[in-house]
Structure formats: structure tokens, C-alpha cells
Amino acid sequence: MSAPVAIQGLDTTATTHPGLLSWVAEMATLTTPDRVVWCDGSDAEWRRLTDQLVEAGTLVRLDEKHKPNSFWARTDPSDVARVEERTFICSERESDAGPTNNWMAPHEMKQTMTELYRGCMRGRTMYVIPFCMGPLTAEKPMFGVELTDSAYVVASMRIMARMGSEVLAAMGDTAEFVPAMHSIGAPLEPGEADVAWPCSQTKYISHFPETREIWSYGSGYGGNSLLGKKCFSLRIGSVMGRDEGWLAEHMLILRLTSPAGKVYHITGAFPSACGKTNLAMLEPTIPGWKVETLGDDIAWMRFGEDGRLYAVNPEYGLFGVAPGTDYTTNPNAMRTIAKGNSLFTNVALTDDGDIWWEGMGEPPAHLTDWKGRDWTPDSDEPSSHPNSRFCTPITQCPILADAYDDPRGVPIDAILFGGRRAGTIPLVSQSRDWNHGVFQGATLSSETTAAAVGKVGVVRRDPMAMLPFIGYHAGDYFSHWIDMGKGPAGGGDADRLPKIFYVNWFRRGEDGRFLWPGFGENSRVLKWVVERLEGTAEARETPVGFVPTPEALDTDGLDISRDDLVAALAVDPEEWRAELPSINEWFERFGDKLPGVLWAELDALKARLAND
Ligand code: GDP
Ligand code: PGA
Ligand code: MN
Ligand code: MN
């Protein structure tokens, strides 16, 4: 045991929760910060932290007339995305992490990381962030407490999660919480000058599913450091969901109202940087249809007493991909950030104190790029990192649905699975039934993007868009999905389940162009989806599901050639037969954990393709 250290702020009046106090003391003794600060989530705290970050060179304040109370941040060029290779599921047994996760035994990981954590906050402040994923008014609020030595993380957490004094008060002395430990891993020696974005070259993003703990080290990037998001709400959340009979999913949630005033709720699971935030905030191009936003990245779904599946967004902010976002593609995101109170990371800075990124119309004559260098339209590299992000309060979204704060959530009518595929996958297809929909989700494939470190544009299977986020064995996860199809306590009614669809906004023509215009025009696909629910839309039955005939999609006023439309909707049996061996290989990876019904679905697909 190390000797007790005198750390300012360790004795606090903020809480009397014994478990929380002893954990904070234990971590402070290990990491030896100069002081401990209990975050209250107030405006004064935000001002103090952002002033301090401006002083340190981490943030630059934007001009009030463009983006009030907003800041430009640049990370270390090596710390720009989630690090899947450094992400671990540390279950007691390796077999419980499954073939899609990195694994290390919990005691071994804790030993390794304890040595990294020892003294790692020297010269810095440890912030204690009490937070709650989902509304505080929930029957069982989902509490977490993050400890971090990064003021940027505190500021970002204030946008992304409900946090501060109110949460701490609601925790009382007995609430269970997920302890979420984070350090950038960059201690400061006395007199040593700090850098603008301190971080370690050694990174670990570790999860202990049995004890519901998170230990993160070495990175300040959002997905690795805002531990309420991917780490709690998806990786630990998926384990809780398995144990308790609900689903934690990488999904947007939207409310769609038809011209007749009928309301539908739709969730959509697309891999990172494949269109969730855009669809969640979509501005329909077809008259009389309305979309309202409920969530853009994560959905927690449970059965209600009526046997329907209800979805809640556990988050409080939007963490969106910046490049490509503009008034022409996602006007509601632009309106949300225009209200200010936002952080922009790894985008470019204009000379008059605003932000700019690729896709925002004509570039200005001069910018400061995401690496802090002069940039002109003649520069060789883009001004913004492809995974640069805006971080902005969801309450500023002009089309936010009231129900976003309702702990009961909204009843889901349809689930979309989607990926980024240049070929093979049609614009939209409806699954034959729940199990076929689970098959579509389990075999979802997508080209990799800049949201994770690694090669971009490689096709990989990304089941339910959850490959990097399933906190346990993916074969068990598929079984859990199959079981959910049996309804609450296995006694459900298939009619009450959401219907499942598979979409692909990213199919390309031979010349490399996107065949489908996407963005607001995706409302035409949503219209077909709800007309299928009503039983009024035409579809042709194909080996891979029900696909709209070109006439069944509302293309009034749409600028698309007949050839492109037909190509976007095409199901080519040759292309699909070529897909079968890789699906077979994919399923074999799960051994006897793969539910038999999914093998049966594959056999049925093979048979349908053979007859086609
Ligand atoms: P998320 O990470 O899943 O939330 O994805 P985003 O909505 O942030 O979009 C990621 C990237 O895909 C951005 O550059 C968007 O401009 C682009 N994108 C989103 N929706 C569409 C679409 O319907 N069609 C095309 N071609 N691109 C899209
Ligand atoms: P995204 O969220 O899905 O909006 O890209 C961040 C991530 O998944 O890394
Ligand atoms: Mn995501
Ligand atoms: Mn997003």
C-alpha cells in the first residue's frame, strides 16, 4: 500500500455516498493528482474550465457573432478516432468475450493498468463527474461516475450527458453506479511545461463486464474518453441488456409524422460515419411529412407493458461527423450548432473566428487547418480531419421531439439496419420476418470509415453496426436478438414487434457516383417503410427480402434517372451468390454459439438464390 497522500479536495462535502468516496480516494491515492474537483455542471464551472483550456492552448474561443460560447479544439494528430485494436473486453473467461473482441483476463489487465495509472495524474487535477445516462426521472436511473484528468473531457461530458450536482444528489448514499476511470496518461513533472493536447502513446480502453467497470488510459478523443457514451451505454450496456432482457444498440431514434397526422417511431443502426446523425435530423423533401429527432447514436430498447418495444436515447448531446455537414445536407445540424455552446474538434478555423470543413460550400481563401497550419484551397490535404466532430447540446436541435426526455421512451415501429456498400445491397429491402431481420443485421457489412483508426474503405461484417461495441460474445448477442423476437418473457405477439428493413444510401454507379441522392431524399424511403407497415406499398419479393418496385417509391420532384433508380434497387443474384461464402465464413467464427435459426436463414437464402 502506498502512504496516504494529502490531496486537496479529497475530503468533500459534495456527497456522503460511502462507495463513491472510497473509490475516489483509492483512485486519487493511486494516480496522485494535485487536487480533486467535484464537478457541479454549473455555467460558472463551464466558464472556468473553458477559460483554463483557452489559456492552455487546447481551445480557441470562436467569435461570438458566429458561434457564441463555442470553441475550436485540435487534438494531437495521433489521437483522432476510436482505437479498436486497443479496446478490450476483460471478462473472467476469454470465451465470454467471443471472437470479435480483444480480451485480457481482468486481474492481468488491472495489474497492467494499475502500473500505468500509478502517479499518472501528477501535476494535474482529477475531476469527478457524476453523470446519468438517460433521464434522471427513470424508474432506475443509470448512474455513472467518471474520474478524469482532462478538462476537455469534463466540458464535453457536460454537453453529452446529464451530469453534475443534480445527479450526485439523486444518487444519495446508496445508488449503484458504473465507475468509469479515465486518464490521458501524461503526468507533469514540477516545472514541466504542458502541451496543448497531452496524451500517451500507450492506450487501453478496457471494460470489465462482470463488475460493470470501465478503465480508459492514454486518449482524450471522444469515443475513447467520454465514458458514458460507447463504453457505458453500449459495451457495458449491452451486457446489462443481455442479463436483464433489453437491448443497448448503436441506433438513431426518430419520430415520423405522415401528412395524415399518423405518428411512427423508427430506429436505425448504421456503423460509425454511415449516416445516423443525418437521418436523425432529416428534413423531408416530400410535402406534408415531418421528422423529429430523439437520438443520433444510441438507443436503449425495452418492452413496455403493452408488449411493444420502447426506445430511450441515453445521451444529452450530439457528437456528429463534421465534414459533409451543411445547410444542403443537414440543415438542422447547422441550426443546432449556430446556437453555440459547442465544441468543434479537428475542423478548420476561419480568419474571422468561425469554423469550416469540407462540404461547407466554397472554401475561404485562407484557413488554419486541423494541424494548426496555414491552409488555402491549393493545399494538398483537406483542412479538417475526416473524423472531425461537432459536440453540441441536443436540446438546441430545432426539431427535437418532446419525448426525448421521457423515461418510458417511444414505441418503435420499424428498425433499419444499414451500411456503406458500393455494390450488391439494394437501397432498401424489408425482411421477411423478425428472424430474417436478425439475419440481415447479423450479416450487415460496411466499408470502414475514419471513425476508427485503421484502413478506410475495407468491407467488413459489422453486425447490427455493433462490431466495436458488443460487450460479450457476439454469438450470444445474436441469440439475445432472436430471443427478443419472442416478445416480453417469451410470450409476445409478433405483430407488436418492430418490422426490420435493410438500407444502403451508398450504392455507386460504374462511374463511382452515388446512385441515390440521399440526405433529405431518404424521406422517400421512410415513406415506403411506413406504407409497408400499413400494408399499402408495392414490393417485389426477391431472394433477399421485399424491395420496392421503382413505381412504389415516391419520386415526385426527385432528380434521378430511371436507370439510376433501377440500379439502386437492383438485386443481382450473381452478386449475392458471390456474397455467400463470406457469410458462411463469418458464421463459422461463432462455432456452436451461432443460433441454429441463423444457419437456417442462410440455407433458406441459398435456396432462394439457387432458384432465382
Ligand atoms: P454517423 O456517424 O452514423 O452519425 O453518420 P453521419 O450522419 O455523421 O454521416 C457520416 C458521413 O456520411 C457524413 O460525411 C455525411 O455527410 C455522409 N452521409 C450521411 N447520410 C448520407 C446519405 O444519405 N448519402 C450520402 N451520400 N452520404 C451521407
Ligand atoms: P458515430 O459516433 O456513430 O456518430 O460516428 C461515434 C463513433 O461511433 O465512433
Ligand atoms: Mn457511434
Ligand atoms: Mn453520428
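Overall, segment 408-497 carries a charge dipole of about 320 debye about its Cα centre when +1 sits on the Cβ of Lys and Arg and -1 on the Cβ of Asp and Glu, all other atoms neutral.
Placing unit charges on the Cβ atoms only, positive for Lys and Arg and negative for Asp and Glu, gives the chain a dipole magnitude near 440 debye about its Cα centre. When +1 charges are put on Lys and Arg Cβ atoms and -1 charges on Asp and Glu Cβ atoms, the dipole computed for segment 318-396 relative to its Cα centre reaches about 540 debye. Here the chain yields Rg over Rh of 0.96, to two decimals, using C-alpha coordinates and the Kirkwood radius. With all protein chains in place and a 1.4 Å probe, the accessible surface of the chain carries 50 percent carbon and sulfur. Normalised by 2.2 N^0.38 Å, where N is the number of residues, the alpha-carbon radius of gyration of segment 419-474 equals 1.22. Taking the longest Cα principal axis of the chain as reference, the axis of helix 523-534 is set at about 60 degrees.
For the Cα trace of segment 168-208, dividing Rg by the Kirkwood Rh returns an Rg/Rh value of 1.16. In the chain, the DSSP-assigned H stretches of four residues or longer account for a calculated mean residue ellipticity at 222 nm of -7500 deg cm²/dmol, using -39500 (n - 2.57) per stretch and the full residue count as denominator.
Net charge in the neighbourhood of residue 12 (other residues with Cβ under 12 Å of its Cβ; Lys, Arg +1, Asp, Glu -1) is -1. Counting only alpha carbon atoms, the long axis of helix 151-160 and the longest principal axis of the chain meet at about 40°. Put simply, segment 318-396 fits an ellipsoid with semi-axes of 21, 12, 11 Å; these come from the alpha carbon gyration tensor as the roots of five times its eigenvalues, largest first. In the context of the full set of protein chains, the chain has a per residue accessible area of 38 Å² (1.4 Å probe).
The values are calculated or read from the model by the stated rules, or taken from the named source; none is laboratory data. Being a predicted model, the structure only gives us computed values, none of them experimental. Heads up, the Cβs are rebuilt from the backbone with ideal geometry, glycines too, and the neighbour counts pull from every protein chain shown. Heads up: the accessible areas ignore ligands, DNA and RNA and are worked out on the full protein's heavy atoms, side chains in. Shrake-Rupley method; radii C 1.70, N 1.55, O 1.52, S 1.80 Å.
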